[in-house]
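Beneath this line is the structure, given in structure tokens, with notes to follow.
The values are calculated or read from the model by the stated rules, or taken from the named source; none is laboratory data. Fair warning: this is a prediction, and the values are worked out from it, not measured in the lab. Methodologically, a virtual Cβ is constructed for each residue, glycine included, from the backbone with ideal geometry; neighbour enumeration extends over all protein chains shown.
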Amino acid sequence: MASIPIIRTVAELRAVVAERRGKGERIGFVPTMGALHAGHGSLVTAARREHACVVASIFVNPLQFGPNEDLARYPRTPEADLQLLAEHGCAILFMPEVAEMYPSGAITRLHQSGLTEVLCGRSRPGHFDGVLTVVLKLLLQTQPDTAFFGRKDFQQALVIRRMVRDLDVPVEIVTCPIHREADGLAMSSRNRYLSADERSVAPGLFVALRAVNAAFLRGEHRASSLVGYGRAVLAREARWTLDYLEVRDPETLQERSAEARAGDLVAVAAKLGPARLIDNLLLGENVPA
Ligand code: AMP
């Protein structure tokens, strides 16, 4: 297997990307926080389809973690990550230290209003400012043709699309489907926090979403009832602490107060033991049973 060069500095990254561009290669970019799984792999595979050179980044971005969140214990598995990236045809890994990304004296932050104030933004103040700041930096450092994000983080992908549009960042944003375990649990680096017992409960998050979808497909369109079905599923298992389960407009993220429509976002976040898990579906979507 070809070994992947690990790049630690922005200067080196710019040089290797320029070299690949000089050969006429298109550049695809997959930003991650590491502890990679097949969901990340699917983004690299998607990028490979139309980009001879795929750059992945691994950077656990301190800016997007709140003071009581899991920054210090976020899983780090660099060797396995490198192997997964190589297996999926990634060409370059950018893995900077915090001091490279935020040299002392860096005081500029990106802020977006509106879309960032609901759902995860409400429970994680400042989170999306941190995400936007690091993603814009990574896009400026890498200058890819296309950047790939997962729909598991639906709100994140939406907020990033909006930032790219508002700031005229010359990159195409592609959002890829949610990659799931066989039992329906959305793959996530944070699933590693779960005990075996909690892991057996975790697919309940998707069960709740599917219950909402099934009710919608049966003809129940009142948003409040749909949300009630989903919350009732989670309430059956005492180990869940619900953060939110809501039906929202998939473009504006405005809450549906009356009728839900096909294509609306149903998003859920809940804590299970040490892990805060999120998932979503679009109403009427054909989801695995
Ligand atoms: P993370 O390393 O968790 O920051 O995720 C890096 C990228 O992978 C983000 O664009 C995520 O949305 C995406 N991603 C994470 N989990 C999945 C999944 N289960 N399916 C598809 N994409 C995912």
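Evaluation of residue 253 against the conditions (1) within 25 Å of residue 114 (Cα to Cα); (2) away from the ligand (no atom under 16 Å from the Cβ); (3) touching a Lys or Arg at 6+ places or on another chain (Cβ under 9 Å) shows that the sole unmet condition is (3). The helices (runs of 4 or more DSSP H) found wholly in segment 88-151 and carrying at least 1 residues that are in contact with a strand residue (DSSP E or B) (Cβ under 9 Å, 6 or more places away or on another chain) and of a type outside the set (Asp, Glu) occupy 120-123, 127-142.
Here is the figure for segment 144-178: residues that are of a type in the set (Gly, Ala, Ser) and either modelled with pLDDT under 95 or in contact with a Ser or Thr (Cβ under 8 Å, 6 or more places away or on another chain) (or both) total 2. Being touching a residue at least 40 places away in the same chain (Cβ under 8 Å), among the hydrophobic types (A, V, I, L, M, F, W, C), within 12 Å of the ligand (Cβ to nearest atom) and not in a loop (DSSP other than H, G, I, E, B) is a condition met by at least one residue of segment 161-182.
Taking the conditions (1) buried (at least 16 other Cβ atoms within 10 Å of the Cβ); (2) within 22 Å of residue 190 (Cα to Cα) in turn, residue 47 satisfies each one other than (2).
Results for (1) under 13 Å from the mean Cα position of the chain (by Cα); (2) under 26 Å from residue 116 (Cα atoms); (3) buried (at least 18 other Cβ atoms within 10 Å of the Cβ), shown as yes or no for each residue.
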| position | (1), (2), (3) |
| --- | --- |
| 154 | yes, yes, yes |
| 158 | yes, yes, yes |
| 185 | no, yes, yes |
| 188 | yes, yes, yes |
| 198 | no, no, no |
| 237 | no, no, no |
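This table checks each residue for (1) more than 18 Å from residue 33 (Cβ to Cβ); (2) within 11 Å of the ligand (Cβ to nearest atom); (3) without any contact (Cβ under 8 Å) to a residue 40 or more places away in the chain; (4) in contact with a Pro (Cβ under 7 Å, 6 or more places away or on another chain).
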{"residue": "139", "(1), (2), (3), (4)": "no, no, no, no"}
{"residue": "142", "(1), (2), (3), (4)": "no, no, no, no"}
{"residue": "157", "(1), (2), (3), (4)": "no, yes, yes, no"}
{"residue": "195", "(1), (2), (3), (4)": "yes, no, no, no"}
